[in-house]
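Below: one structure, written as structure tokens.
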Amino acid sequence: MTSVRIWGVGAGAVAVLVVTAVWAQGSAGVDAGLWAGVRPAIEARLVVQAAGTGAGESEPALRSRWFCRAEALDLAESGGQVRAGVNTLCLEYGERAGALVECGGAQIPQVVRLERDPAHGGYRVLSEEEPPDGEGYGTWTAGHFSRYAESRLDEEMESSGLETVARTHFALPADAPVRYC
């Protein structure tokens with residue numbers, strides 16, 4: 001009876017290792033060098049697209065600005081073009097009375113297509129797609145991301161890096177509190 005229990009535990013452990021290896025293999029598809037090359041173009045485009053859409057922008061005394069970041073989920077290069085499946089986070093921050101003020105934001109998955117931009121030494125965005133709101137969201141993400149990447153879309157993206165950049169931008173101390181519009 002003991003050998004059956006040990007065999008069962010051993011088989012279970014092997015199964016967990018195999019599943020973990022298959023799961024981890026999905027994340028191995030992101031080339032860090034390629035991501036370092038395309039990320040600045042993606043994040044700059046996000047900031048430009050977000051401008052003009054925030055609640056804080058209607059308050060002139062607030063001096064708000066958008067700060068964005070992207071995480072690579074799927075990344076592939078083919079025929080001189082790059083397809084980046086990314087999760088994006090854009091937050092609008094301003095400054096009031098020595099505090100960082102968060103006025104809004106959104107986390108949205110996107111598929112961005114880029115190509116090398118020899119004139120500027122980096123990449124330029126050719127197009128981006130995002131899922132529809134509501135009913136078609138799940139179908140869109142399933143059709144545009146690997147299963148591994150799609151499973152990561154529900155994870156909340158970390159905003160502390162954006163808070164740090166915003167505090168620096170507004171010349172606030174590192175421990176300045178965050179308030180909301």
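All of the numbers you see were taken from the coordinates with simple rules; none came from a lab. Treat the numbers as computed from the prediction; the structure is a model and nothing was measured. Don't worry about glycine lacking a Cβ; one is built from the backbone with ideal geometry, like all the others, and counts go over all protein chains shown.
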Next item on the list: Tell me which residues, restricted to the range 167-181, are more than 11 Å from ALA99 (Cβ to Cβ), among the hydrophobic types (A, V, I, L, M, F, W, C) and out of contact with any Lys or Arg (no Cβ under 8 Å at 6 or more places or on another chain).
Entry: ALA171, CYS181
Notebook entry, point to check: Does ALA166 count as touching a Phe, Trp or Tyr at 6+ places or on another chain (Cβ under 9 Å), surrounded by 15 or more Cβ atoms within 10 Å (Cβ to Cβ), of a type in the set (Gly, Ala, Ser) and assigned to a loop (DSSP other than H, G, I, E, B)?
Noted result: no
Notebook entry, point to check: Would a scan of the range 103-114 turn up a residue that is surrounded by 20 or more Cβ atoms within 10 Å (Cβ to Cβ), over 18 Å from the mean Cα position of the chain (by Cα) and not polar (S, T, N, Q)?
Noted result: yes
Item checked: Among the candidates TYR137, TYR123, residue that is of a type in the set (Ser, Thr, Tyr) and closer than 21 Å to ALA32 by Cα -> TYR123
Check: Does the range 111-142 hold any residues that are free of Cβ contacts under 8 Å to residues at least 60 places away in the same chain, part of a strand (DSSP E or B) and within 25 Å of ASP154 (Cα to Cα), and which are they?
Finding: VAL111, ARG113, SER127, GLU129
